[in-house]
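Please read the structure below before turning to the comments.
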């Protein structure tokens, strides 16, 4: 059996497909409730337009060494992409491969070990692109396939070249009415590598149909309540459903990383399906901030070509290795955190190796970006 958890982000619909340790995996699709993404457009006149750019750190390397920006200085962790459903414009492919280069420089994975399938299809109103990881259940943990070493496809991406006016340049200079595709692809791939989880605002506070399995990302989400700090999703199901559900709209969720211990997560008082929890806080890291890539809003004319230290720390915390933090871009140190209970340290004994003896077979996922006039909102779809 195979399952897909759909999460949509600013124009990014994040989906997770699951498989268990066996060659065929286990389908949980009949348990999950999937629905269709609906874009929520923000009045373009609600704010004055402002072009914002965050340059990528690899460009500095390329410039210093006389390399063209199109030359990737790192061995790609991606196998050649496979393309399904029709032709993809060459300029879109070039922008996607540039985003893949940036991630390849930031993560220590075997060259050619991550298989991305790119599907051309209409993603629905206002959706720019979608992508998501396949998930392997290994030793009671749900692990993104790029980290677990699944056989076959590790991520699937869905793109619609006709959705909006894209900018495909690699120089982070979209026009005032354009949406920067490198930014979109870079964000989507971040979810594909594992910035995602199973927190929900109903039931126990954790996605049903997952048994007692947990995701490392969820275990490191800290709730700074008035009476102290807790980790509501340290186990599945949470020890207190009421605490877990109230935490989602508290405005006080943080990711307890190994390097940065107070990366603030987006937890508005009104739950926003697809935006809440699995993005960095928009107010704390506004347009132009070095950690703004994984926030839930994107303006036309905005370009973010730096992964950001917080995002790299999230992935390092769940099991990836970061060979050079410079490739992530610099990050401000997080503010001192209040006294809190120690973060759970998930056992690594059960962590999957890159080449498990019986590699799990993945299923099909998706994640998607939504433009909203000058803004984007995310809508997670399960």
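Throughout, read-outs are computed from the coordinates displayed, never taken from laboratory work. This one's a predicted model, so the numbers in the text were calculated from it and none came from an experiment. Cβ sites come from the backbone with ideal geometry, for glycine too, and all protein chains shown count toward neighbours.
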Distance from region 230-281 to region 163-207 (C-alpha centre basis), Å = 19 Å
Here the alpha-carbon Rg of region 232-289 over 2.2 N^0.38 Å rounds to 1.17
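Going by the alpha-carbon gyration tensor, a ≥ b ≥ c the square roots of its eigenvalues, is region 249-325 rounded (a/c under 1.5) or, if a/c is not under 1.5, prolate (a/b greater than b/c) versus oblate?
Values: a/c = 2.16, a/b = 1.20, b/c = 1.80.
Oblate.
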Extending each Cα 7 Å along its Cβ direction at residue 258 and residue 225, get the distance between those two points in nm, one decimal.
-> 3.0 nm
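Relative contact order for region 127-181: what is it in percent, counting Cα pairs under 8 Å that are at least 6 residues apart?
30 percent.
Any idea what the relative contact order of region 155-195 is, in percent, if you count C-alpha pairs under 8 Å spaced at least 6 apart?
Relative contact order, region 155-195: 31 percent.
May I ask you to compute the full-extension gain from residue 71 to residue 173, defined as 0.36 nm times their residue separation minus their alpha-carbon distance, rounded to one decimal in nm? Please list the in-between numbers first.
On the way: separation 102, 0.36 × 102 = 36.72 nm, distance 1.85 nm.
Fully extending the segment from residue 71 to residue 173 adds 34.9 nm.
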Residue 93 versus residue 242, label points 7 Å from Cα toward the beta carbon: distance in nm?
-> 5.7 nm
